[in-house]
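Quick note: the coordinates plus some simple rules give every number you see, no bench work behind them. What you are looking at is a predicted structure, and each value in this text was computed from that prediction instead of being measured. Heads up, the Cβs are rebuilt from the backbone with ideal geometry, glycines too, and the neighbour counts pull from every protein chain shown.
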Amino acid sequence: MTPLLVRGLEIHQGYLDRASQTALVGDLRAVLETAPLFSPDTPYGRKMSVRMSSAGQYGWFSDRSGYRYVPRHPNGTPWPAIPASVLAIWNDVSGCARSPECCLINWYGEGARMGLHQDRDETDFDCPVVSISLGDEALFRIGNPTRGGKTESLWLRSGDVVVMGGSARLTYHGVDRIRFGSSALLPRGGRINLTLRVVS
């Protein structure tokens with residue numbers, strides 16, 4: 001299926017069928033047994049509304065010292081390997097010869113959101129960011145390569161995959177809200193968002 005193009009972002013709607021989504025959630029549960037979800041602090045001292053963890057060589061982290069990648073979970077253990085099922089999606093849609101070094105796992109509960117931001121803590125912007133949506137629908141806002149200006153929004157549904165690459169690699173984006181309870185994929189509701197990145 002040809003992806004939908006919005007401001008240079010490739011949106012693969014319905015990329016994962018329900019069986020594939022269920023299998024992927026099972027793979028993520030195994031990751032989270034070793035690297036449980038946690039609530040990071042922003043550099044401004046506030047708790048993020050999104051809980052997170054990671055898999056891969058690096059994990060994304062935030063505290064009073066700023067945003068950065070770290071080699072270990074806050075509990076001191078190395079991050080688990082990125083599941084093969086997740087890597088297969090990257091290999092199919094990214095168009096990138098390099099393998100991702102981080103799979104950031106974000107969990108959105110009721111009321112959680114993510115403000116407009118750029119993914120720019122990496123050193124190689126030639127590689128895309130690939131985003132995978134599982135669970136409840138999310139109102140995804142797409143901005144511009146620089147802060148400000150008009151934005152566009154669309155609902156991301158469970159199984160959708162977004163590729164941010166090329167001229168859209170540094171586009172501002174965020175999640176205004178989730179439609180809690182719109183999906184039965186996760187028994188307690190909520191949304192899982194995976195973002196795959198080449199870090200170094």
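Looking for something touching a residue at least 60 places away in the same chain (Cβ under 8 Å), under 26 Å from Pro83 (Cβ atoms), touching a helix residue (DSSP H, G or I) at 6+ places or on another chain (Cβ under 8 Å) and aliphatic (A, V, I, L, M) - is there at least one such residue anywhere in the range 167-177? Within the range 167-177, none of the residues are touching a residue at least 60 places away in the same chain (Cβ under 8 Å), under 26 Å from Pro83 (Cβ atoms), touching a helix residue (DSSP H, G or I) at 6+ places or on another chain (Cβ under 8 Å) and aliphatic (A, V, I, L, M).
Conditions tested, residue by residue: (1) in contact with a helix residue (DSSP H, G or I) (Cβ under 8 Å, 6 or more places away or on another chain); (2) in contact (Cβ under 8 Å) with a residue 60 or more places away in the chain; (3) surrounded by 13 or more Cβ atoms within 10 Å (Cβ to Cβ); (4) farther than 28 Å from Ala81 by Cβ.
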residue: Leu16; (1), (2), (3), (4): yes, yes, yes, no
residue: Val25; (1), (2), (3), (4): no, yes, yes, no
residue: Leu32; (1), (2), (3), (4): no, yes, yes, no
residue: Gly45; (1), (2), (3), (4): no, no, no, yes
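Checking the stated criteria, Thr123 turns out not to satisfy the condition of being more than 14 Å from the chain's Cα centre (by Cα) and without any contact (Cβ under 8 Å) to a residue 60 or more places away in the chain. For the subset of the range 85-118 comprising residues that are free of Cβ contacts under 8 Å to residues at least 12 places away in the same chain and not acidic (Asp, Glu), which member is surrounded by the fewest Cβ atoms within 10 Å (Cβ to Cβ)? So the residue we want is Ala97.
For the range 135-142, the count of residues that are without any contact (Cβ under 8 Å) to a residue 40 or more places away in the chain, crowded, with 20+ Cβ neighbours inside 10 Å and not aliphatic (A, V, I, L, M) is at least one. Total residues in the range 1-57 satisfying the condition of being among the aliphatic types (A, V, I, L, M), assigned to a loop (DSSP other than H, G, I, E, B) and touching a strand residue (DSSP E or B) at 6+ places or on another chain (Cβ under 6 Å): the figure is 3.
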